[in-house]
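Asks: Can you keep this structure in mind? I'll have questions shortly.
Coordinate-derived values only; no laboratory data. What you see is a predicted model; the values in this text were computed from it and never measured. Heads up, the Cβs are rebuilt from the backbone with ideal geometry, glycines too, and the neighbour counts pull from every protein chain shown.
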Amino acid sequence: MLSARNQVPGQVTAVKLGAVAAEVVISAGGIEIVAAITRASAERMNLAPGDRVTAIIKASDVMIAKD
């Protein structure tokens with residue numbers, strides 16, 4: 001069980017491994033969520049396109065800008 005309330009199920013569409021970090025793209029309910037995690041975590045989880053995952057969003061604030 002997690003205390004985070006914002007849990008969004010989705011499917012991995014891309015994993016881009018860098019030297020230290022990984023960018024994980026998740027398709028969830030018609031939106032795209034991009035997460036930056038450590039490369040080591042991505043490798044330990046063996047993340048690959050097609051994997052079913054849950055994006056857990058825990059933020060202290062949200063900023064909005066309007067043009």
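Asks: For segment 1-34, which residues satisfy the criterion of being loosely packed, with under 13 Cβ neighbours inside 10 Å, hydrophobic (A, V, I, L, M, F, W, C) and over 9 Å from the mean Cα position of the chain (by Cα)?
Replies: 1, 2, 4, 19, 20, 31
Asks: Give segment 37-67 a look and list any residue that's surrounded by 10 or more Cβ atoms within 10 Å (Cβ to Cβ), under 22 Å from residue 3 (Cβ atoms) and not basic (Lys, Arg), or say none.
Replies: If the condition is that a residue be surrounded by 10 or more Cβ atoms within 10 Å (Cβ to Cβ), under 22 Å from residue 3 (Cβ atoms) and not basic (Lys, Arg), then 37, 38, 41, 45, 53, 54, 55, 56, 57 are the ones that fit.
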